[in-house]
Amino acid sequence: MSELYRQHWTHPGPFETESGATIESPVTAYETWGQLGNANAVLLTTGLSPSAHVASHGPEDEPGWWETMVGPGKSIDTDRWFVVCANVLGGCYGSTGPASIDPKTDRRYRLDFPIISLRDIVGLQHALLEHLGVRRLRAVVGSSMGGMVALEYATMFPDSVERLVAISASGMTHPFAIALRRVQRRAVMLDPAWRGGDYYDQGQPAAGLSLAREIGTISYRSDLEWTGRFGRDWRDGELFSFDGRFEIESYLQHQGEKYPQSYDANSYLYLSRAMDLHDLSRDRGGLAQAVSRITARPLIIGVESDVLIPPFEIEELAQAFADAGRPADVRMVDVDTGHDSFLLHPEMFGPPIQAHLGE
């Protein structure tokens, strides 16, 4: 995937993580769109799986993961905004992660890579922006894990952000998501090919990572969408056998099998755990006290059918802003496509984001 990256930046010297561990000169892979001007920078923060390639750079370039939203004349208009998107610390698309070479040992980190938090991801991205000459952001915008990162960014660096957009993100991770991700990690770690994280010379623990992805995919949509899209349609094989498949089983199998072709299993473990640790209130006196630090104008978008970040978590976050005396603009999108709706319905997410950036 390295061909997708136009630029890399190396942090000058050791980077200290929230746990107290240090990473020597971590690298951040990133891309930019548009031209940096006066207070026109927008940081896009990614979810678990996407790279920094959020949009194409021209007709010859391959589409990015939010191509419908980012580009000239689009909701996040790169003719107006200088857009930065970085691969996260711990990832596997060019930034330093467990598959990277540890300069202290000249070997891959593997599980010697320290457990990281979303606050570590934010700290390194803030340092990148300073390197790029961005002193203040017009907005930080993120969805899913990226929404959590956006919330942390606005909390950690309140003087650096004017607007905040958090999509399908909570103020803290709740037990359902923690439980789900534990099962996903166990699927990877129980695969004999995982080898305690030391599998790079033998190949990915593909079976475990595929199963983890199938489990996660179930939570990215909703039962309403699964029913409307697949129903009880039969795909192939004998009805009275374990080899026969419903259409929904075939879909999940396809999603699972393609994931190990592009994503590193150890990065999956580390970033999954970082999401579990997400809690704006940690060491800040509670959720309302935490968001009271935020000076950026907040836009919070949730999805009625989201089972991973259900409406009550959006309400909890909105209430914290209200209790802090900083009411957020809250939008609930009523579609059947669940957590992944921000990827599928630009007509519903684009206008409020565009308006919030441009107000």
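A short reminder: the numbers here are calculations on the coordinates, not readings from a lab. Everything quoted here is computed from the prediction, not taken from an experiment. Cβ: placed from backbone, ideal geometry, glycine included. Neighbour counts: every protein chain shown.
Quick notes
- Subtracting the Cα-Cα distance of residue 304 and residue 7 from their residue separation scaled by 0.36 nm leaves 103.1 nm.
- Potential lengthening between residue 247 and residue 115 on full extension [0.36 nm per residue; Cα-Cα distance subtracted]: 43.7 nm
- Charged side chains reduced to their Cβ positions (Lys and Arg at +1, Asp and Glu at -1) give segment 177-273 a dipole of some 460 debye around its Cα centre.
- Stretched out straight at 0.36 nm per residue, the stretch from residue 255 to residue 182 would grow longer than its current Cα-Cα span by 24.3 nm.
- Relative to the Cα centre, the charge distribution of the chain, modelled as +1 at Lys and Arg Cβ and -1 at Asp and Glu Cβ, gives a dipole magnitude of about 780 debye.
- Extreme residue, positive dipole direction of segment 177-273, given options 207, 231, 180 (C-beta unit charges): 180
- Summed residue charge, Cβ within 15 Å of residue 189's Cβ, Lys/Arg positive, Asp/Glu negative: +4
- Sequence-separation-based contact order of segment 45-126, relative, with Cα cut under 8 Å and 6+ spacing, percent: 19
- Förster radius 51 Å - calculated FRET efficiency between residue 240 and residue 60, Cβ distance, rounded to 0.05: 0.50
- Residues within the reach of a label modelled at residue 223 (point 7 angstrom out along Cα to beta-carbon, backbone nitrogen below 20 Å), restricted to segment 323-359, are 334-341.
- Ellipticity estimate at 222 nm from DSSP helix runs (n ≥ 4, -39,500 (n - 2.57)) divided over the chain, nearest 500: -10500 deg cm²/dmol
- Look at where the Cα atoms of segment 157-205 and of segment 103-147 average out, and the two centres are 15 Å apart.
- Among 72, 205, 26: highest mean-square fluctuation, GNM of the chain, C-alpha pairs under 10 Å: 72
- Sites residue 293 and residue 200, calculated FRET efficiency, Cβ-Cβ separation with R0 35 Å, nearest 0.05: 0.30
- In percent, rounded to a whole number, the relative contact order of the chain is 18, using alpha-carbon pairs under 8 Å and six or more apart.
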